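Enquirer: Following this message is one structure expressed as structure tokens.
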Amino acid sequence: MKALVLTGKKQLEIQNLDQPEPKPNEVLVNAKYAGICGTDYALYNGLPGSAPAVPPIVLGHENSGVVAAVGSDVKDLKVGDKVTVDPNIYCGKCDYCRTSRPELCESLSAVGVTRNGGLEEYFTAPETVVYKLPESVDLKSAATCEPISCAVHGMELLDIKPYQKALVIGDGFMGLIFAQMLKSYGVKSVDLTGRHDDKLAEEKEKLGVDRVINTTKEKIPAEYDVVIEAVGQPATQEQAVEATVKGAQVLMFGVGAPDQKFSMNTYEVFQKQLTIKGAFINPNSFEGAIALLQSGKVDVNKIIDNVISLEDVESVLNGTSNLKGKSVVKISD
């Protein structure tokens, strides 16, 4: 079978691999689509994702496909089912798993990070992380369940109220997911920042946000009850704290470099009684992600920019492609 293998730092190679056999508790998935995200850029460049990726490894942790075979112990899935896969596999034994914090698992493994993922025609995953899709959810959209589920987890860490005014810093793919989710969760208003007028104008029309702010031209006002930072740069992390009113909540969702730091006014954190949180991966959030797609409250077809082939992936990851925005890889028909 055809597979795109990470063979070393900044090295990808199309290879012909043997089709894997599912273990008794596993499902064999015929991959249809796989999303490319910031974690893949990090892994390609030798940085850790949710866990380190040790080459040779097949990336692809945002996946959808069709069940091709099931192991002898699999009960709830059958050949032909449309599915999406939560990549994160928890040990269930460590203190974090046993105290309802599995995302912090000390022995975390992940499809497309520590075991072969969806950038190949067939891959395996434990039945426990494979989710059957409703008929109304198409496979291209379903490949984004993982990033949506990460946003669901982030939202669950916040105390959302109807009277709140919310800001999303960053109009990349995750920022646009959060903007849609905040609208669906019923806050009073949702504003969005970016750096290009034409892109922001298009996003305002597509997503129905209340206001867009070009941060190259305007200063973000300090008037928000909820701020979601979806960039991961020191400047935008500092903006997130500065944009708050008293009692506000800040979700630091954007992923910075491992050694990155940002500064904040600690008296402001005290005086405003701010709550600042991080959000790591997506525990128990896939059902919510699927429901958001099924209801149409999150419409990723509005914000998927490119459908590419396996041969195109490396040029996207190394920056030589002229493609912008979210790319989803079509693996097979």
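The values are calculated or read from the model by the stated rules, or taken from the named source; none is laboratory data. Predicted, not measured: the structure shown is a model, and the values here were computed from it. FYI the Cβ positions are ideal-geometry reconstructions off the backbone, even for glycines, and counts take in every protein chain you see. SASA here: full protein model, heavy atoms, side chains in, ligands and nucleic acids out. Shrake-Rupley method; radii C 1.70, N 1.55, O 1.52, S 1.80 Å.
Enquirer: If you check LEU59, LEU47, which single one turns out to be of a type outside the set (Asp, Glu) and touching an Asp or Glu at 6+ places or on another chain (Cβ under 7 Å)?
Expert: When all the criteria are applied, what remains is LEU59.
Enquirer: With the requirement that a residue be open to solvent by 40 Å² or more (accessible area, probe 1.4 Å) and part of a helix (DSSP H, G or I), what does the stretch 200-220 give you?
Expert: Selection gives ALA201, GLU202, LYS204, GLU205, LYS206.
Enquirer: A follow-up question, please. For the stretch 179-225, how many residues are among the polar types (S, T, N, Q) and under 22 Å from the mean Cα position of the chain (by Cα)?
Expert: Residues meeting the conditions: 3.
Enquirer: For the condition at pLDDT 95 or above, of a type outside the set (Val, Ile, Thr) and either under 23 Å from the mean Cα position of the chain (by Cα) or within 17 Å of PHE286 (Cα to Cα) (or both), what is the one hit in LEU4, LEU47?
Expert: LEU4
Enquirer: If you don't mind, another one. What number of residues within the stretch 221-239 are small (Gly, Ala, Ser), surrounded by fewer than 22 Cβ atoms within 10 Å (Cβ to Cβ) and within 16 Å of LEU176 (Cβ to Cβ)?
Expert: Final tally of qualifying residues: 1.
Enquirer: For the stretch 221-242, which residues satisfy the criterion of being assigned to a helix (DSSP H, G or I) and either more than 17 Å from MET174 (Cβ to Cβ) or small (Gly, Ala, Ser) (or both)?
Expert: Within the stretch 221-242, PRO234, ALA235, GLU238, ALA240, VAL241, GLU242 qualify.
Enquirer: Taking the stated definitions as given, is GLY92 open to solvent by 20 Å² or more (accessible area, probe 1.4 Å), modelled with pLDDT under 95 and not aliphatic (A, V, I, L, M)?
Expert: no
Enquirer: Right, SER100: part of a loop (DSSP other than H, G, I, E, B), more than 22 Å from the chain's Cα centre (by Cα) and not aliphatic (A, V, I, L, M) or not?
Expert: No.
Enquirer: Only residues that are acidic (Asp, Glu) and within 29 Å of GLN273 (Cα to Cα): list them for the stretch 202-228, please.
Expert: Those that are acidic (Asp, Glu) and within 29 Å of GLN273 (Cα to Cα): ASP210, GLU218, GLU223, ASP225.
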